[in-house]
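In what follows, a structure is listed as structure tokens, so that the remarks can point back to it.
What follows is calculated from the coordinates using simple rules that are stated; it is not laboratory data. Everything quoted here is computed from the prediction, not taken from an experiment. Positions of Cβ are generated from backbone atoms using ideal geometry, with glycine treated the same way; all protein chains shown enter the neighbour counts.
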Amino acid sequence: MSIVIDLRSVIDEGVGASLKVEGTTAGHAELEKFHLGSIEYCCTAPIIYEFDFLNAGECVQTTCKVHADVQTDCVRCLEAFDLAFDSDVEETYFFTPTDDEHGEPYPVIPDDLKVDVEPLLLEALLVEAPFAPVHDEDCQGLCMQCGADLNKGDCGCDDAPDASHPLAGLKDLIK
């Protein structure tokens, strides 16, 4: 299911006309989970959004404000934790095909004057999502030998490197 906005009113009113659209993603399963690389983010509540569309003559400029409450796993200790994202993104929709300064095409307003803003919402979330989320900068992670969560205490494993490891000799070079 897409989130489609009808731009007919902002286009018919002419240059300077604006349209504000507010809502949530309740019922839009496509945005309940998203990925940044191999990291999965799960929304714990509907995403709240606000779009402002402005007719600028040859295009419609859009600003989008998004708030999302998400849950993900810490990359160090693998424990789930909650994050809140607040993001602002902008997009420009043109009436005729137009390229940006890098030769990439801008989105074009279709003949029915309706645009799907779901990709813009996803972009707003991805802009804020950390590529390597940690629940606390001081997270100790997991023991590399036994897998115990070092945030809960010392696991008792020996910190000495395994002498049989193929790269164990490198430690002697660091002196």
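See the values below:
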| read-out | value |
| --- | --- |
| J(HN,Hα) series, segment 140-154, from Karplus relation 6.51 cos²θ - 1.76 cosθ + 1.60, nearest Hz, glycine and proline x | 7, x, 10, 5, 6, 9, 10, x, 5, 6, 6, 6, 8, x, 5 |
| Distance in nm between pseudo-label sites at Ala17 and Leu54 (7 Å out along the Cβ direction from Cα) | 1.7 nm |
| Amide H partners (placed H, <5 Å) of Glu40, local residues excluded | Asp73 |
| Derived scalar couplings ³J(HN,Hα) [segment 93-99; Karplus, 6.51 cos²θ - 1.76 cosθ + 1.60; whole Hz; x for Gly, Pro] | 9, 9, 7, 10, x, 9, 9 |
| Per-residue HN-Hα couplings for segment 127-137 [Karplus 6.51, -1.76, 1.60; θ = phi - 60°; Hz; x = Gly/Pro] | 4, 8, 6, x, 6, 9, x, 10, 6, 7, 4 |
| Förster radius 22 Å - calculated FRET efficiency between Ala132 and Asp86 (Cβ-Cβ, nearest 0.05) | 0.65 |
| Built amide H within the under 5 Å cut-off of Ala45, gap 5+ | Asp69 |
| Volume per residue of the C-alpha convex hull in segment 4-139, rounded to whole Å³ | 122 Å³ |
| Neighbour count of at most 16 Cβ within 10 Å plus DSSP loop: longest chymotrypsin sites (Phe, Trp or Tyr not before Pro)-free window in the chain | 1-94 |
